[in-house]
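Before any comments, here is the structure.
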Amino acid sequence: MEVSFSQEIKSLALGQGQTFHGEGILAITKGLLQSGVAYVGGYQGAPVSHLLDVMVQAKSYMDELGVHVEACSNEASAAAMLGASIHYPLRGAVTWKSIVGTNVAADALSNLSSPGVTGGVLIVVGEDYGEGASVIQERTHAYALKSGMVLLDPRPDLGRMVDMVEHGFALSEASNMPAILELRIRACHVRGSFQAKDNRISKVSTRDLMEEPASFNYERLAHPPVTFRHEKLKSEQRVPAARQYIREHKLNELFAGKHSDLGIVVQGGLYNTLIRTLQQFGLADAFGQTDIPLLVLNVTYPLVPEELSEFCIGKRAVLMVEEGQPEYIEQELATMLRRADIQTPLHGKDMLALAGEYSAEVMAGGLEKFLRRYRSELLPGTVPQWLQGNRDRRAAIANEITKNSGQPLPARPPGMCIGCPERPVFSALKLAQEQVGQVHIAGDIGCHALATFEPFSFGHSILGYGMSLASRAGVSPMMNRRVLSVMGDGGFWHNGLLTGVQSALFNGDDAVLLIFKNGYTSATGTQDIISTPGEEAKDAAVDKRASVVHTNQTIETTLKGLGVQWLRTVTTYEVENVRRTLIDAFTSDFNGLKVIIAEGECQLERQRRIKPWLAGLLKKGKRVERVKYGVDEDVCNGDHACIRLSGCPTLTLKDNPDPLKVDPVATVIDGCVGCGLCGANAHAATLCPSFYRAEVVQNPSWYERLLASVRRSVVRALQPA
């Protein structure tokens, strides 16, 4: 039972005069359809993956509109799809997560931007610079500058965001430049409404096919010597055309204010936070009316010199609010002003934080400095008190925690889900290293990257999705002990097959590769991949309540076809078997690539199927049996080695019931999904025999009730008075 987007799909079909209510990313998706998009692709990655997930599930409706939707193997393949818009009047959109996706797609984007596009192109990128981001804090802005692509950063208002989608396609066509639309997590999840329009069907679509291909035109290739002309076109024709469109259609917004001697230039995506900050100063109301003039840049590249000059001229000072680093917009704005001989003082990163997310509190600190320097009478006494009060409260809480516990509150890093099939493998790896010694572990992007936290602390490097095997290539020849690379099945198909496996085989490397085969790209939302189990296998696993689905052999057959000779498939929950297999890989006489496939279905997907199935059985009054694990408190010796070896959130501590013992005992709390890891660890590591396995039966048969009654009677009879 997969996550359903049925309600979201209904919202996509709204027509002229109807009101759309929902989240920002779904509004963007609706905007694509209203713009007559012909094809959509992308690679999943929160929060923008919602766009692709919804469209994939809405395949029947997309077929009605003639829209082709493709879930791509990586961001590079998604960007390459946009080649359709070079020759043909096809509007195309792709999506991926932030700078990491743009990095992967960079080659295709560069070769797309050089000849330029005929049909409009829109690339929807999720971009964040603070704790909400799970990736490096870099900016896609650099790629827009480098390759000559329009960069949109819409104000987080659903109506404006949809307008910018529609204008993004038109702007791309007017300038022949691909357009990037960047969204922060908060913009993706902001809720609101807008007046919908009818969805447009592209003139050329899967319903109305082209009869003939375009005529050959060398000018449309990203190939020397014509690329030299492309660079001239970018500066002489495309950027000027983009600026003209931006100015004519007023894509950037000017909000006037009574204190016209000051001004703030802000990225569109930061508008809501800036208004909230100005409210703290009494310089804006709840409806967005501001006392200080604002120039909101819904298009952050290319900038329009005339707009910026007109806004800045005659002011005492201007503050540039630009999130992330380097300060590309501030530098370009400063250059524009000086070239126009406009001497208005410009501030930005000298008053605001150099890096990180611009929260209301961060902005308030910069705005306080700005007003204190130029209009101190506008600075209310409450703002410094508010900022200092926030700092004092944090310090007081930290002091209180330290006073009560004697030490600071420990960090609570993210961890694997309860019952995650990857946790047992890392337990087995801990045990294997006790015999073979510590090994260098090349990590990768995915759920398994959570093993870098305690209690495992595994992973010496993470250099790219699916690149763990490639990243150990310089280490293993210098190491006296074999090196381990860890990779998920999502990473394997994304990049690992070519950059890692093919290269290792070609070079005859003596390496160990561990592939987690959980059936999905789990870290991005459990989207299907080519090695996802079939529906029949999933249904069979539900009936048997199996933890592992042994059906799809695509990874194994691919590796064998490439020439991998040492290949083992293990069940992740069998800790002792996994431990032996790891030791075998590290000590084998075989000199070459050794691959271990650790198979166990993603527990989230498994529970999504099993829970509704069990609930249905209970509702019908049928017998239901589930497994429960526990710890015998009288046997537990308080060593807690089981917790250090597992890290499962449901295996924790409680006070020892024996008044003569001091150490707390281990206990299994509610939430346990019965994966059996705690017992498997106890067996593999020869720990204390305190774990027990019980079968909890609901709606038992008459025979089971009778047998249970007899057993209780016998136990009571054997107990002392």
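The values are calculated or read from the model by the stated rules, or taken from the named source; none is laboratory data. What you are looking at is a predicted structure, and each value in this text was computed from that prediction instead of being measured. Because the Cβ atoms are built from the backbone with ideal geometry, glycine has one as well, and the counts that use them run over all protein chains shown. Just so you know, the surface numbers come from the protein's heavy atoms only, side chains and all, with ligands and any DNA or RNA stripped out. Shrake-Rupley method; radii C 1.70, N 1.55, O 1.52, S 1.80 Å.
Values as computed for the structure displayed
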{"read-out": "Selection status of Asn111, closer than 25 Å to His189 by Cβ and of a type outside the set (D, E, K, R)", "value": "no"}
{"read-out": "Criterion (among the aliphatic types (A, V, I, L, M) and either within 24 Å of Tyr520 (Cβ to Cβ) or modelled with pLDDT under 95 (or both)) met by exactly one of Ala76, Ala108", "value": "Ala76"}
{"read-out": "Close pairs (6 angstrom Cβ cut-off, 6 or more residues apart or separate chains): open to solvent by less than 20 Å² (accessible area, probe 1.4 Å) in the stretch 138-163, among the charged types (D, E, K, R) and in a helix (DSSP H, G or I) anywhere", "value": "Gly148/Lys234; Pro154/Arg160"}
{"read-out": "Residue count, the stretch 461-481 (criterion: open to solvent by 40 Å² or more (accessible area, probe 1.4 Å), assigned to a loop (DSSP other than H, G, I, E, B) and out of contact with any Gly (no Cβ under 7 Å at 6 or more places or on another chain))", "value": "5"}
{"read-out": "Segments classed as strands (runs of 3 or more DSSP E), wholly inside the stretch 646-721, with at least 2 members that are touching a Lys or Arg at 6+ places or on another chain (Cβ under 9 Å)", "value": "665-668, 691-698"}
{"read-out": "Qualifying residue in the stretch 89-102 (condition: in contact with an Asp or Glu (Cβ under 9 Å, 6 or more places away or on another chain), of a type in the set (A, V, I, L, M, F, W, C), closer than 16 Å to His494 by Cα and open to solvent by 30 Å² or more (accessible area, probe 1.4 Å))", "value": "yes"}
{"read-out": "Subset of the stretch 173-225 [in contact with a Phe, Trp or Tyr (Cβ under 8 Å, 6 or more places away or on another chain) and either open to solvent by 80 Å² or more (accessible area, probe 1.4 Å) or without any contact (Cβ under 8 Å) to a residue 12 or more places away in the chain (or both)]", "value": "Gln195, Met210"}
{"read-out": "Identity of the residue in the stretch 352-387, of a type in the set (Asp, Glu) and open to solvent by 50 Å² or more (accessible area, probe 1.4 Å), that ends up nearest to the chain's Cα centre (by Cα)", "value": "Glu357"}
{"read-out": "Gln565 out of contact with any helix residue (DSSP H, G or I) (no Cβ under 9 Å at 6 or more places or on another chain), modelled with pLDDT under 95 and farther than 25 Å from Val673 by Cβ", "value": "no"}
{"read-out": "Pairs with Cβ under 6 Å, 6+ apart, first in the stretch 419-448 and closer than 24 Å to Asn518 by Cα, second among the β-branched types (Val, Ile, Thr) and in a helix (DSSP H, G or I)", "value": "Pro424/Val575; Val425/Val578; Ser427/Val575; Ala428/Val575; Ala428/Val578; Ala432/Ile583"}
{"read-out": "Counted residues, the stretch 294-327 - those being open to solvent by 10 Å² or more (accessible area, probe 1.4 Å) and assigned to a loop (DSSP other than H, G, I, E, B)", "value": "7"}
{"read-out": "Scan of the stretch 629-687 for residues that are open to solvent by less than 20 Å² (accessible area, probe 1.4 Å) and farther than 26 Å from Ala432 by Cα, ordered by number", "value": "Val665"}
{"read-out": "Segments classed as helices (runs of 4 or more DSSP H), wholly inside the stretch 141-205, with at least 3 members that are touching a Lys or Arg at 6+ places or on another chain (Cβ under 6 Å) and more than 23 Å from Gln16 (Cβ to Cβ)", "value": "none"}
{"read-out": "Any hit, the stretch 252-274, residues being touching a strand residue (DSSP E or B) at 6+ places or on another chain (Cβ under 9 Å), within 16 Å of Val318 (Cβ to Cβ), in a helix (DSSP H, G or I) and of a type in the set (A, V, I, L, M, F, W, C)", "value": "yes"}
{"read-out": "Condition met for Tyr301 (at pLDDT 95 or above, aromatic (Phe, Trp, Tyr), under 27 Å from the mean Cα position of the chain (by Cα) and within 21 Å of Ile99 (Cα to Cα))", "value": "yes"}
{"read-out": "Candidates Arg338, Arg391, filtered to the one that is assigned to a helix (DSSP H, G or I), charged (D, E, K, R) and within 30 Å of Ser134 (Cα to Cα)", "value": "Arg391"}
{"read-out": "Some residue of the stretch 438-447 being among the aliphatic types (A, V, I, L, M), assigned to a loop (DSSP other than H, G, I, E, B) and open to solvent by 20 Å² or more (accessible area, probe 1.4 Å)", "value": "yes"}
{"read-out": "Long-range neighbours under 6 Å by Cβ, at least six apart or interchain, first residue more than 23 Å from Arg579 (Cα to Cα) within the stretch 500-514, second open to solvent by less than 50 Å² (accessible area, probe 1.4 Å) and among the charged types (D, E, K, R)", "value": "none"}
{"read-out": "Test for Leu604: is it within 36 Å of the chain's Cα centre (by Cα) and either surrounded by 18 or more Cβ atoms within 10 Å (Cβ to Cβ) or at pLDDT 90 or above (or both)", "value": "yes"}
{"read-out": "Thr402 being β-branched (Val, Ile, Thr), farther than 29 Å from Cys312 by Cβ, without any contact (Cβ under 8 Å) to a residue 24 or more places away in the chain and open to solvent by 50 Å² or more (accessible area, probe 1.4 Å)", "value": "yes"}
{"read-out": "Answer residue from the stretch 482-500, given it is crowded, with 19+ Cβ neighbours inside 10 Å and more than 25 Å from the chain's Cα centre (by Cα) and is farthest from Asp444 (Cα to Cα) among those", "value": "Val483"}
